[in-house]
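No lab work stands behind these numbers, since they all come straight from the coordinates. Everything numeric in this text was worked out from a predicted model, so none of it was measured. Every residue, glycine as well, gets a Cβ built from its backbone with ideal geometry; the counts of neighbours run over all protein chains shown.
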Amino acid sequence: MEPILKAVDISRVFKINDKTEVHALKSINLEVPPDKLVVLRGRSGSGKTTLINILGALDRPTSGEVIFDGKEITALTDAQADKLRRYEMSFVFQSVALIPTMTAYENVEFAMRLVGAPRSERAARAKECLIRVGLEKRMHHRPGELSGGEQQRVAIARAIANRPKLIFADEPTAALDTPTGLAVMNLFRELAHEDGLTIVMTTHDTTMMEMCDVVYTLEDGEITDVSENDITDKEE
Ligand SMILES: Nc1ncnc2c1ncn2[C@@H]1O[C@H](COP(=O)(O)OP(=O)(O)O)[C@@H](O)[C@H]1O
Ligand SMILES: [Mg+2]
C-alpha cells in the first residue's frame, strides 16, 4: 500500500552560535503505511521530537522532503502548514495542554469551533469522540477533576474530533503509569485498526513500543533499525 507519510533524506541542523551546530537528524528515510500505529523509539536526545515536529510540519528540515498523502509539505508557507495541521493532522503531547477552565466536553467542542465546524455538528461529534475514548461518564468534568490517563483520553478525543488522517503523539504515555499507558496504547491501536487513522508516536518505553505495528529505532539522529510487530488484535 502507498505510504501516507514519507520522509526522504531529512536532516536537521540546529545552529547554537557561530561555532556550534547540533546535527539532530542525519539523512532520515522512513515510510508510514496507512492505518497503522508507528513508533519512533530511542533514548533521550536521539532526535525523536525533532523528527516528529518535522513530520507534522511544526518545523522545517535543513534538507530533505516530507511527503504527506502524495504532497510535499516541507515547502509550504506558514499559512498552508497551519491549514494542514488544522484539518488533516493533529497532535497529542506528553503534557496534555487541555484548557483547565473547560470541561472535557467543552475542550473537544472548542477544537471543532476553531476549525469552524457548524454548531449543530459540534455537540454530537464531541460526545461521540468522548464516548469513543471511554469517557462518557466524565464528559462534564474539568481536567483538574480527571486522572492523568483520563486527561490524556480527552486530549485524544480532541485530536480525533476534526477527523484528521494522521495523529502525531510525542511521548503520550511518558507521564502515565504502565497500566494506564498500556490502556492508551490499546486505544491508539483501535483507532488505527478500526477507525482508519494513522498514528505516529514516540516513546523510550519498551512495553509501549511492543504494542506498535512498526518500530523505527533512532540513535543519535539516525534510523538504525526498522521492525514490524505482528500482533493479532483480540476479538471483542
Ligand atoms: N531547538 C533546539 N536547539 C538546539 N538543539 C536542539 C533543539 N532541539 C533539539 N536539539 C538537540 O537535538 C538533539 C535531539 O533532540 P530531541 O529531538 O529533542 O531528542 P528526543 O526527543 O529523542 O529526546 C539533542 O541533542 C537536542 O539537544
Ligand atoms: Mg523528545
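Tabulated data for the structure shown
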item	result
Computed E for K19/A75 - FRET, C-beta separation, R0 30 angstrom, nearest 0.05	0.50
Close Lys-Lys pairs in the chain, where close means Cα under 18 Å and separation is 8 or more or interchain	13
Between 0 and 90°, nearest 10: helix 119-132 axis offset from the chain longest Cα axis	80 degrees
R113-R60 FRET efficiency (beta carbon distance; Förster radius 22 Å; 0.05 resolution)	0.15
Between helix 148-160 and the chain: long-axis angle, C-alpha atoms, 0 to 90°, nearest 10	80 degrees
Cα-based convex hull volume of the stretch 65-167 per residue, rounded to whole Å³	108 Å³
Residue order, fewest to most beta carbons within 10 Å, for L58, L37	L58, L37
Evaluated at q = 0.14, 0.17 Å⁻¹: base-10 log I(q)/I(0), Debye formula over Cα of the chain	-0.91, -1.29
D177 paired with D82, simple spin-label distance in nm, labels 7 Å along Cα-to-beta-carbon	4.2 nm
Euclidean distance of C-alpha centroids, the stretch 54-125 and the stretch 10-34, integer Å	23 Å
Value of [θ]222 nm, deg cm²/dmol, for the chain, DSSP H segments ≥ 4, -39500 (n - 2.57) each, nearest 500	-10000 deg cm²/dmol
Label-to-label distance, nm, for residues given as R43 and E222 (7 Å Cα→Cβ offset)	1.5 nm
